[in-house]
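**Q** Here it is: the structure, laid out below.
The values are calculated or read from the model by the stated rules, or taken from the named source; none is laboratory data. Worth saying up front: this structure is predicted, and the values here are computed from it rather than measured. We place every Cβ from the backbone using ideal geometry, glycine too, and count neighbours over all the protein chains shown.
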């Protein structure tokens, strides 16, 4: 009934081709077929954001996209952000601000924040809160996360605390 | 939380998509943005045998402006609508509604055609289509037809599109000068579906409301127009809009769910309806 | 009291402790390389999933795996009869005068009867995840409805359906102190009210998950997301194997909050591994977690409070009923915490408390951050706030008037033995918040509320709590710390590195912490009860101190120096003629038969188990005190609440890592705000209606204001360097602070959680007298 199909994605700069059942989500394709473990399964409803990856530069829920839908696209995940070599300024800000506690929301949070910052517009703390409200965190109360993004956004008021 | 296997087909054209729908009937589902379909599949609520991916069909995406109207392709993403300057200039209700849809990830992928076809009874976009009196184009194997909004949503998650049809265009009139718009909703939490949302379009003339359109979502199985309230404010100055708002709840029988009770929904309908009308009056150049 | 007068003790010169160093695990998490339990894949791995009851109360009449076994890819199915010991036992302390404590039990897989919606009935093991979905659907179970009971008060009535044999009353705790009747007779004011809290879910981002396998020595290995690696004992008992044959490995946990304190996937993964001989992974879906994981206890609390005209609290008469759900889990202890904390951080000379926790056919309830001590904050803080308002007094002053102090006793009889900075925390939040904000427009009402609390840290003293840790040098002077502590995101592991670094001088980036392995790391006990920094921190402190002293004495003997004149640094041992590099130091130790490693066990205080009539010199090691303040705005037509400002202050004794401390305060406060305004697991007639995260309303970044965390340092905590626990305390005050702020804004007080917009409108209506 379900024929396998071949999906090629550029994942963190490398072309990866995998043949998978057609009902494979992008999240499952990355984790179970391409060994990319940083996007996490949190709810399957697109609510928690733990599976956020960038597809052609825009944040999507990996659990709400079929791999087949985005065949040929460029996908970026957290493990590709710094290529394990040097942290981005956003990652360094997260480190300094204690924005990661248990760390499970962190990959998704960093990807949505990276996409936000790549838009290049100035952001105040309320705009940041509004932009990332689709990514849930249960540990930090978002305080360190908002401050870290504000630090990098250069809105200047990184320190609402 | 595993999706039941299905056959995936990518349609290259509207005609191909319709032919597949006709062939497989109820066993097939259209996949555009996937932001409504995928959660239902993940939760096992929907198990299609065939999924028809229409996401890369060309020619039915984007915002097209012509003399009196704006046409929006069904595959236009919410995020595009949210940011489009033409939409912002002429259809600020659509921009406002698009901004309230879910979170950024939903807006990146989700499409206006998908949202309207899905017809969630608490969704924002169907609401503004009701107020702006959209005209939809549905395509089937036999050709296309125009569906006025009043005939489009039938009940919960059901529209008048036939099994073999798909939505391709949404056409909205540019209401022009003299019109103002208002949108208010109550949500428990940022990004949720509305508990109740109200949208209003009002035209003033000589300081009174000449025409008012007021709609609600979250109170029935599809968006409703508050015809009694629209009549009640006709010919009245804006500062009487709030007093007349009790008529907005006439005939409504909202339900209770885990987000809010029916009683609460009934209570806030006049509040949101009048706020939307007041904002619309302000936008039209009058003050309440 | 101005800022300079707020008391805080200054640490002696600390190099690493008390500094905002980035946590070593944070870097891995931020790079995306951390492998949680569900990120693990082992070659040949199978998949396991549970079939659960769709009914709250029923007899199981038929279980048939034949169709499921025919689904391609299904390897095996287990029922209760396939479990060697199909029982999990829980102690229920203090409920009997007999020597042996009462025990409550539940089955690993139900055989005859199910008692809650979601109870596991069968375990299906398959080759693929697709087969698992099919196999579970194909498994046939038939049920015959049995009458159920869904309200704890109904469950205590004559003739109520019995959830378990022997009646529905699981546990009671009573306190009688002083003369309550006399106090009410002399009172100038009596305030009486009933408060209600709801079922709450932990909603950690990482759902329950684990992978198991049998290793080369025949030991069952379970790599699971857990707060308690000691569950290897329970797994061993279930499997009827020696405890030495089960090993639990705990990777970094994606949030616990008490929800991973009981076993979740452990017994099922272990059963599947033993049955098939192959590695097995089990991951719960979010929907399964919301359905079946034990919840925070729903409680109903009646408070009658007697006060003098100056606001002094003379007496409380308190009645608490908790919903223990279908199985005991930790319900008896949760109620005990509620009872001990029920009068709050105040001196109240007369207290009568009656409390009970009662079985129902609702979802089971167990540990969640605050553990009973959290729910009662709504009761005692609303009461003292209401006393202040009705007497026309300042709520802050009234709290300070009755504030407990070092040397005073809680109603149960325990004296507070450490400095109490409660008044300072009140002053701190008021000072930080500044003047009340003005309303932003017509139809908006602004209110301010404060709430103070106490929350224990460290476990109940009769549990003979202990924690062990080992530290040892590598040849190049880098350091290893081994400790069984589970790191659930609160920086449990990295604080151990900080403590070791402070004492032994080793640079933080030359320290590796190995934690969470029940076979390979010394056992450190549960990551619960806000105990890990206190217990494991002290264990590491002791081990590091022992090691340092041992080494310095060896060097002193070698160099004819006085040990007191020597210092350990990252470069080596300093003092006298210069610095001896570390490798040489270690060689010297070797020649002198001095071990360059040390194991230490830190023991918590002892005490006697309490009886139903609570009276004890000591129940908990110590407590953490704090105060929160909230400014909010109410839309008087819709009842929607917007938080404008939130300040939270706790005395943390000593902040081992200030960034971590602030993070705990903000995170716990956010969780408390969620419970205050948004969250509820909705259960109707035993049916859990909350089907997903779209319905379970965890606060988003846009629903919260900046939470300003302020900490004071009395230096008098029982933890290392005078630290107190901070993981749980900040979750208590938010609902009461918000309720009081709404009372301030609209004139009537919400008493039921969550405080929905509709409940706010009810308050507005009540205040208007309609």
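**Q** Only residues that are part of a strand (DSSP E or B) and under 11 Å from the mean Cα position of the chain (by Cα): list them for the range B:125-167, please. Walk me through it before giving the result.
**A** Here is the first cut: in the range B:125-167, the residues part of a strand (DSSP E or B) are B:135-140, B:143-148, B:153-155, B:158-159, B:166-167.
Residue satisfying the conditions is B:153 alone.
**Q** Return the total of residues in the range C:25-60 being more than 14 Å from chain A (Cβ to nearest Cβ) and outside any strand (DSSP E or B).
**A** Total meeting the criteria: 6.
**Q** Given (1) more than 8 Å from every other protein chain (Cβ to nearest Cβ); (2) touching a residue at least 40 places away in the same chain (Cβ under 8 Å), identify the lone condition not met by residue A:104.
**A** Of (1) more than 8 Å from every other protein chain (Cβ to nearest Cβ); (2) touching a residue at least 40 places away in the same chain (Cβ under 8 Å), only one is false for residue A:104: (1).
**Q** Within the range C:123-161, how many residues are in contact with a helix residue (DSSP H, G or I) (Cβ under 8 Å, 6 or more places away or on another chain) and in a strand (DSSP E or B)?
**A** Qualifying residue count, the range C:123-161: 5.
**Q** Looking only at the range B:66-88, decide whether some residue is in contact with a strand residue (DSSP E or B) (Cβ under 8 Å, 6 or more places away or on another chain), at the interface with another protein chain (Cβ under 10 Å from one of its Cβ atoms) and either over 30 Å from residue C:131 (Cβ atoms) or not in a loop (DSSP other than H, G, I, E, B) (or both). It would help to see each step written out before you state the result.
**A** Start the filter on the range B:66-88 by keeping residues that are in contact with a strand residue (DSSP E or B) (Cβ under 8 Å, 6 or more places away or on another chain), which leaves B:68-81, B:84, B:86-87.
Those left that are additionally at the interface with another protein chain (Cβ under 10 Å from one of its Cβ atoms): B:77, B:79.
Remaining after also requiring either over 30 Å from residue C:131 (Cβ atoms) or not in a loop (DSSP other than H, G, I, E, B) (or both): B:77, B:79.
Yes, because at least one residue in the range B:66-88 is in contact with a strand residue (DSSP E or B) (Cβ under 8 Å, 6 or more places away or on another chain), at the interface with another protein chain (Cβ under 10 Å from one of its Cβ atoms) and either over 30 Å from residue C:131 (Cβ atoms) or not in a loop (DSSP other than H, G, I, E, B) (or both).
**Q** Give all pairs with beta carbons closer than 7 Å in which a residue from the range B:223-248 that is under 20 Å from residue B:207 (Cβ atoms) meets a residue that is surrounded by fewer than 14 Cβ atoms within 10 Å (Cβ to Cβ); count only pairs at least 6 apart in sequence or on separate chains.
**A** B:237/B:207; B:238/B:287
**Q** For the condition without any contact (Cβ under 8 Å) to a residue 40 or more places away in the chain and under 30 Å from residue C:695 (Cα atoms), what is the one hit in B:75, B:45? Steps first, please.
**A** Working: B:75 fails: without any contact (Cβ under 8 Å) to a residue 40 or more places away in the chain.
So the residue among B:75, B:45 that is without any contact (Cβ under 8 Å) to a residue 40 or more places away in the chain and under 30 Å from residue C:695 (Cα atoms) is B:45.
**Q** Go through the range C:162-195 and give me each residue that's within 33 Å of the chain's Cα centre (by Cα), exposed (fewer than 15 other Cβ atoms within 10 Å of the Cβ) and outside any loop (DSSP other than H, G, I, E, B).
**A** Residues satisfying the conditions are C:192, C:194.
**Q** Counting only residues that are within 20 Å of the chain's Cα centre (by Cα), surrounded by 23 or more Cβ atoms within 10 Å (Cβ to Cβ) and either modelled with pLDDT under 95 or within 14 Å of chain B (Cβ to nearest Cβ) (or both), how many does the range C:698-716 have?
**A** The number of residues fulfilling the criteria is 1.
**Q** Taking the stated definitions as given, is residue B:274 touching a helix residue (DSSP H, G or I) at 6+ places or on another chain (Cβ under 6 Å), within 14 Å of chain C (Cβ to nearest Cβ), modelled with pLDDT of 95 or more and surrounded by fewer than 20 Cβ atoms within 10 Å (Cβ to Cβ)? Talk me through it step by step, then tell me what you get.
**A** Values: touching a helix residue (DSSP H, G or I) at 6+ places or on another chain (Cβ under 6 Å): yes; within 14 Å of chain C (Cβ to nearest Cβ): yes; modelled with pLDDT of 95 or more: yes; surrounded by fewer than 20 Cβ atoms within 10 Å (Cβ to Cβ): no.
Against the criterion (touching a helix residue (DSSP H, G or I) at 6+ places or on another chain (Cβ under 6 Å), within 14 Å of chain C (Cβ to nearest Cβ), modelled with pLDDT of 95 or more and surrounded by fewer than 20 Cβ atoms within 10 Å (Cβ to Cβ)), residue B:274 does not qualify.
**Q** On to the next question. Go through the range C:656-694 residue by residue and tally those that are over 19 Å from the mean Cα position of the chain (by Cα) and not in a strand (DSSP E or B). Give the steps one after another, and end with the answer.
**A** So in the range C:656-694, the residues over 19 Å from the mean Cα position of the chain (by Cα) come out as C:656-659, C:677-678, C:682-694.
From what's left, not in a strand (DSSP E or B): C:656-659, C:677-678, C:682, C:685-686, C:689-694.
Number satisfying all stated conditions: 15.
**Q** Next question. Which of the residues that make up the range C:61-91 are part of a strand (DSSP E or B) and modelled with pLDDT of 95 or more?
**A** Step one: list which residues in the range C:61-91 are part of a strand (DSSP E or B), which gives C:61-64, C:74-78, C:88-91.
Those that are part of a strand (DSSP E or B) and modelled with pLDDT of 95 or more: C:61, C:62, C:63, C:64, C:74, C:75, C:76, C:77, C:78.
**Q** For residues that are under 13 Å from residue A:8 (Cα atoms) and outside any loop (DSSP other than H, G, I, E, B), tally how many sit in the range A:20-36.
**A** 5
**Q** From the list C:314, C:271, pick out the single residue that is under 18 Å from residue C:108 (Cα atoms), more than 14 Å from chain A (Cβ to nearest Cβ) and touching a strand residue (DSSP E or B) at 6+ places or on another chain (Cβ under 9 Å).
**A** Numbers: C:314 fails: under 18 Å from residue C:108 (Cα atoms).
Selected residue: C:271, the only one of C:314, C:271 that is under 18 Å from residue C:108 (Cα atoms), more than 14 Å from chain A (Cβ to nearest Cβ) and touching a strand residue (DSSP E or B) at 6+ places or on another chain (Cβ under 9 Å).
**Q** Between A:120, A:155, which is surrounded by fewer than 19 Cβ atoms within 10 Å (Cβ to Cβ), in contact with a helix residue (DSSP H, G or I) (Cβ under 9 Å, 6 or more places away or on another chain), modelled with pLDDT under 95 and away from chain B (no Cβ under 12 Å)? First the steps, then the outcome.
**A** Details: A:120 fails: in contact with a helix residue (DSSP H, G or I) (Cβ under 9 Å, 6 or more places away or on another chain).
The match here is A:155.
**Q** Suppose the filter is more than 7 Å from every other protein chain (Cβ to nearest Cβ) and in a helix (DSSP H, G or I); does residue C:740 pass it? It would help to see each step written out before you state the result.
**A** Values: more than 7 Å from every other protein chain (Cβ to nearest Cβ): yes; in a helix (DSSP H, G or I): yes.
Considered against the rule, which asks whether it is more than 7 Å from every other protein chain (Cβ to nearest Cβ) and in a helix (DSSP H, G or I), residue C:740 comes out as yes.
**Q** So which of A:68, A:99, A:148, A:113 is away from chain B (no Cβ under 14 Å), over 24 Å from residue C:486 (Cβ atoms) and modelled with pLDDT of 95 or more? Give the steps one after another, and end with the answer.
**A** Values: A:68 fails: away from chain B (no Cβ under 14 Å); A:99 fails: over 24 Å from residue C:486 (Cβ atoms); A:113 fails: away from chain B (no Cβ under 14 Å).
Result: A:148 is the single residue among A:68, A:99, A:148, A:113 that is away from chain B (no Cβ under 14 Å), over 24 Å from residue C:486 (Cβ atoms) and modelled with pLDDT of 95 or more.
**Q** Listed residues B:185, B:164; which is in the same structural domain as residue B:87 (by TED's automatic domain parsing) and either free of Cβ contacts under 8 Å to residues at least 24 places away in the same chain or at negative phi (or both)? Don't jump to the end; show me each part of the working.
**A** Numbers: B:185 fails: in the same structural domain as residue B:87 (by TED's automatic domain parsing).
Only one candidate qualifies: B:164.
**Q** Here is a list of conditions, (1) surrounded by fewer than 24 Cβ atoms within 10 Å (Cβ to Cβ); (2) modelled with pLDDT of 95 or more; (3) within 14 Å of chain A (Cβ to nearest Cβ), and residue B:109 meets all of them except one; can you say which number that is?
**A** Result: residue B:109 passes all but (1).
**Q** So how many residues does the range C:307-339 have that are outside any strand (DSSP E or B) and over 18 Å from residue C:399 (Cα atoms)?
**A** From the range C:307-339, those outside any strand (DSSP E or B) are C:308-312, C:326-339; that's our starting set.
From what is left, the residues that are over 18 Å from residue C:399 (Cα atoms) are C:326-339.
Count: 14.
**Q** Next question. Take the range C:264-293 and flag every residue that is part of a loop (DSSP other than H, G, I, E, B) and in contact with a helix residue (DSSP H, G or I) (Cβ under 9 Å, 6 or more places away or on another chain). Before the answer, list the steps.
**A** First, pick out the residues of the range C:264-293 that are part of a loop (DSSP other than H, G, I, E, B): C:264-265, C:277-279, C:284-285, C:293.
If the condition is that a residue be part of a loop (DSSP other than H, G, I, E, B) and in contact with a helix residue (DSSP H, G or I) (Cβ under 9 Å, 6 or more places away or on another chain), then C:264, C:265, C:278, C:279, C:284, C:285 are the ones that fit.
**Q** For the range C:674-697, give me each residue that is at the interface with another protein chain (Cβ under 8 Å from one of its Cβ atoms) and modelled with pLDDT of 95 or more. Give the steps one after another, and end with the answer.
**A** Here is the first cut: in the range C:674-697, the ones at the interface with another protein chain (Cβ under 8 Å from one of its Cβ atoms) are C:678, C:680, C:682, C:689-695, C:697.
Those that are at the interface with another protein chain (Cβ under 8 Å from one of its Cβ atoms) and modelled with pLDDT of 95 or more: C:678, C:680, C:682, C:689, C:690, C:692, C:693, C:694, C:695, C:697.
Condition check ((1) crowded, with 16+ Cβ neighbours inside 10 Å; (2) within 23 Å of residue C:715 (Cβ to Cβ); (3) at pLDDT 95 or above) across all residues:
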| position | (1), (2), (3) |
| --- | --- |
| C:394 | no, no, yes |
| C:402 | yes, no, yes |
| C:413 | yes, no, yes |
| C:416 | yes, yes, yes |
| C:423 | yes, yes, yes |
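**Q** Then there is this: Look through B:198, B:194, B:248 and report the one residue that is touching a helix residue (DSSP H, G or I) at 6+ places or on another chain (Cβ under 8 Å), within 14 Å of another protein chain (Cβ to nearest Cβ) and assigned to a loop (DSSP other than H, G, I, E, B). Give the derivation first.
**A** On the way: B:198 fails: assigned to a loop (DSSP other than H, G, I, E, B); B:248 fails: assigned to a loop (DSSP other than H, G, I, E, B).
Answer to the check: B:194.
**Q** A further question on this structure: Residues that are assigned to a helix (DSSP H, G or I) and either on the phi < 0 side of the Ramachandran plot or away from every other protein chain (no Cβ under 14 Å) (or both): does the range B:254-263 have at least one?
**A** First pass over the range B:254-263, keeping only residues assigned to a helix (DSSP H, G or I): B:262-263.
From what's left, either on the phi < 0 side of the Ramachandran plot or away from every other protein chain (no Cβ under 14 Å) (or both): B:262-263.
Yes, the range B:254-263 contains a residue that is assigned to a helix (DSSP H, G or I) and either on the phi < 0 side of the Ramachandran plot or away from every other protein chain (no Cβ under 14 Å) (or both).
**Q** Identify the residue in the range C:315-328 that is surrounded by fewer than 24 Cβ atoms within 10 Å (Cβ to Cβ) and in contact (Cβ under 8 Å) with a residue 60 or more places away in the chain and, among all such residues, is nearest to residue C:687 (Cα to Cα). Let's see the steps before the verdict.
**A** Pass one, the range C:315-328, residues surrounded by fewer than 24 Cβ atoms within 10 Å (Cβ to Cβ): C:317, C:319, C:321.
Going one step further and asking which of them are in contact (Cβ under 8 Å) with a residue 60 or more places away in the chain, we end up with C:317, C:321.
Working: C:317: 34, C:321: 21 Å.
The qualifying residue nearest to residue C:687 (Cα to Cα) is C:321.
**Q** On the given criteria, is residue A:91 closer than 17 Å to residue C:32 by Cβ, in a helix (DSSP H, G or I), away from chain B (no Cβ under 13 Å) and free of Cβ contacts under 8 Å to residues at least 60 places away in the same chain? Step through it out loud before you land on a result.
**A** On the way: closer than 17 Å to residue C:32 by Cβ: yes; in a helix (DSSP H, G or I): yes; away from chain B (no Cβ under 13 Å): yes; free of Cβ contacts under 8 Å to residues at least 60 places away in the same chain: yes.
Criteria met by residue A:91.
**Q** Can you find a residue that is assigned to a helix (DSSP H, G or I), farther than 27 Å from residue C:207 by Cα and facing chain A (nearest Cβ under 10 Å) anywhere in the range B:31-40? Steps first, please.
**A** Pass one, the range B:31-40, residues assigned to a helix (DSSP H, G or I): B:37-40.
The next check asks that each one be farther than 27 Å from residue C:207 by Cα; those that pass are none.
Scanning the range B:31-40 turns up no residue that is assigned to a helix (DSSP H, G or I), farther than 27 Å from residue C:207 by Cα and facing chain A (nearest Cβ under 10 Å).
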